[in-house]
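Below is one structure. I have some questions about it.
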Amino acid sequence: MTIPVEIARELRYELGMVEFTHGQLSEPTRNDDNALCTGMLSALVESFIAHARLMDEFLGGRETVRKDDIVAVRLTEQWERRGFLTTADRERADKQVLHFTTRRRRRERWPIHAIARALAHTYLEFCDLLEPDDQYELEGTAISARAIIERCDSDRMHEINLGLVWEEPEKEQDE
């Protein structure tokens with residue numbers, strides 16, 4: 001099967017966003033003059049989790065597939081549906097990032113490297129099953145996946161555990 005150009009473009013975007021946000025979150029601790037503000041850090045974590053969850057759905061992490069969903073099994077019959085997120089992480093992504101619910105747990109931390117590594121390895125397994133022309137079409141996504149693995153491996157001793165913490169400004173008290 002030839003992967004449609006629109007699907008290849010969407011996969012490049014999703015993997016590119018995972019690679020970019022993972023890279024930003026992996027940067028060594030910045031000094032005070034170049035520190036990320038809480039809002040920017042939260043935005044990067046949420047973006048990383050949202051794009052990782054989309055890739056989990058693409059690879060088969062969701063049971064129900066709608067007819068307009070882009071999923072890996074529709075691009076190669078050899079692929080056996082399997083996501084990379086644990087059930088707990090998938091539910092957390094739903095509750096904490098993607099749905100407005102009373103059951104948000106913002107102070108829990110995400111294992112950023114572990115999620116990124118699992119995504120990249122699973123995606124490369126998918127790419128290995130594609131026809132040569134499709135592998136060529138998606139080579140940029142495979143490069144992104146390999147870059148993610150390399151970044152994780154170079155920082156093997158330091159898992160990045162980041163949470164979404166938004167501090168409310170303190171209200172001035174009337175005297």
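The values are calculated or read from the model by the stated rules, or taken from the named source; none is laboratory data. Keep in mind that this is a model prediction, so the values were computed, not measured. We place every Cβ from the backbone using ideal geometry, glycine too, and count neighbours over all the protein chains shown.
Find all pairs meeting these conditions: Cβ atoms under 9 angstrom apart; at least six residues apart or on different chains; first residue within region 122-137 and within 13 Å of Asp56 (Cα to Cα); second residue surrounded by fewer than 18 Cβ atoms within 10 Å (Cβ to Cβ) and of a type in the set (Ser, Thr, Tyr).
So the pair list comes out as Phe126/Thr76.
Could you check region 22-53 and list, in sequence order, the residues that are at pLDDT below 75 and among the polar types (S, T, N, Q)?
Thr29, Asn31, Asn34, Thr38
For region 28-40, state whether one or more residues are surrounded by 13 or more Cβ atoms within 10 Å (Cβ to Cβ) and either closer than 30 Å to Tyr136 by Cβ or within 19 Å of the chain's Cα centre (by Cα) (or both). Walk me through how you get there before you give the answer.
Here is the first cut: in region 28-40, the ones surrounded by 13 or more Cβ atoms within 10 Å (Cβ to Cβ) are 36.
With either closer than 30 Å to Tyr136 by Cβ or within 19 Å of the chain's Cα centre (by Cα) (or both) added as a condition, the list becomes none.
No, the conditions are met nowhere in region 28-40.
Could you tell me whether region 58-66 includes any residue that is among the polar types (S, T, N, Q), modelled with pLDDT under 90 and farther than 16 Å from Trp110 by Cα?
From region 58-66, those among the polar types (S, T, N, Q) are 64; that's our starting set.
Add one more test, that the residue is modelled with pLDDT under 90, and what stays is 64.
Subset that is farther than 16 Å from Trp110 by Cα: 64.
Checked against the condition, which is being among the polar types (S, T, N, Q), modelled with pLDDT under 90 and farther than 16 Å from Trp110 by Cα, region 58-66 yields at least one hit.
Scan region 79-134 for residues that are within 19 Å of Ser26 (Cβ to Cβ) and out of contact with any helix residue (DSSP H, G or I) (no Cβ under 6 Å at 6 or more places or on another chain) and report the count.
Here the count works out to 7.
Further question on the same structure: Of everything in region 138-151 that's in contact (Cβ under 8 Å) with a residue 40 or more places away in the chain and part of a helix (DSSP H, G or I), which residue is surrounded by the fewest Cβ atoms within 10 Å (Cβ to Cβ)?
Narrowing region 138-151 to residues in contact (Cβ under 8 Å) with a residue 40 or more places away in the chain: 138, 140-141, 144-145, 147-148, 151.
Subset that is part of a helix (DSSP H, G or I): 140-141, 144-145, 147-148, 151.
Working: Gly140: 13, Thr141: 24, Ser144: 22, Ala145: 26, Ala147: 15, Ile148: 24, Arg151: 18.
Filtering first and then ranking leaves Gly140.
A further question on this structure: If you take the residues of region 43-65 that are of a type in the set (Val, Ile, Thr) and farther than 20 Å from Ala142 by Cα, which of them is surrounded by the fewest Cβ atoms within 10 Å (Cβ to Cβ)? Spell out how you get there, then give the answer.
Within region 43-65, the subset of a type in the set (Val, Ile, Thr) is 45, 49, 64-65.
From what is left, the residues that are farther than 20 Å from Ala142 by Cα are 45, 64-65.
Details: Val45: 23, Thr64: 6, Val65: 14.
So, considering only residues that are of a type in the set (Val, Ile, Thr) and farther than 20 Å from Ala142 by Cα, the one surrounded by the fewest Cβ atoms within 10 Å (Cβ to Cβ) is Thr64.
So Phe84 clears everything in (1) surrounded by fewer than 18 Cβ atoms within 10 Å (Cβ to Cβ); (2) at pLDDT 90 or above; (3) outside any helix (DSSP H, G or I) except one condition, right? Which one?
For Phe84, the failing item is (1).
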